[in-house]
Amino acid sequence: MQREQDIRGFTILELLVVITIVAVVSAVGYPNFMEWRKDREVRAAAEKVATMLTGINTQAQKGYFPFVQFEVQPLQGSVRFTSKGMTQNNVSYTLNQAATKSLDCTITPSGYWDNHLVDIYTADIGVHISSSGAVCFSKDGSYFNEKNKLEDSQNPNQTLEGRLSNNYIIICPKSTSGGLIVGGSSGSCGTSKPQYLVEWSRFGNISKFKWSGSAWSRQ
């Protein structure tokens, strides 16, 4: 009899108390978890973009592809990043044939870039430009050029560590609120958070920043 009395289960009231506590903890923790997850996804995309830019500049510096391009193509609900290279033979031919004796950072699916696709990456994120843009690099920076939405005239200046820069791509969540991005240019990032910025120089130096709410901080 004593043994039967010692065996007790949870009462309905106790179960309700436990369920309530779990529900409260989940309600409090879920938004934080979603923010953490969103930041992780956007940060991972920014790191991949920085890696792609570093990779094609390494190709240019080593002479595998003396002229390289990084293209950003906003799609429906995602963004595609592509890096391409031009061989030395094609560089020489293009320079000899072109009336301007220069290389163009043209955005074209085939032909001009020898079909030498170095890397391609598609992510379910947003960027601050609404249509395609590209940036091109060469070994000594002499053929550095930007095209379409990544041109200096299309990209407003951002203040980075006390200096102005318009050589960048801003990466943010794909769900956007429209309006203005940080810095005052209309685009798809709106005021959404988090926002990461990947900057480049004509010589292929790559830097990463995150928007803190009042300034860009180096990552």
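Quick note: the coordinates plus some simple rules give every number you see, no bench work behind them. Fair warning: this is a prediction, and the values are worked out from it, not measured in the lab. Quick reminder, even Gly has a Cβ in these numbers, built from the backbone with ideal geometry, and neighbours come from all protein chains shown.
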- Any idea how far apart VAL17 and SER92 come out in nm if each label point goes 7 Å out from Cα toward Cβ? 8.5
- Task: Please tell me the relative contact order of the range 61-124 in percent, rounded to the nearest whole number, where contacts are Cα pairs under 8 Å and at least six residues apart.
- Result: 39
- Calculate, for SER78 and THR106, the FRET efficiency according to 1/(1 + (r/R0)^6) with r their C-beta to C-beta distance and R0 25 Å; round to the nearest 0.05. 0.60
- Item | Förster radius 25 Å - calculated FRET efficiency between LYS62 and ASP39, Cβ distance, rounded to 0.05 | 0.15
- Task: Report the trypsin sites (Lys or Arg not before Pro) located in the range 53-142 that are in a DSSP loop and have at most 13 other Cβ atoms inside 10 Å of their Cβ, or state none.
- Result: LYS101
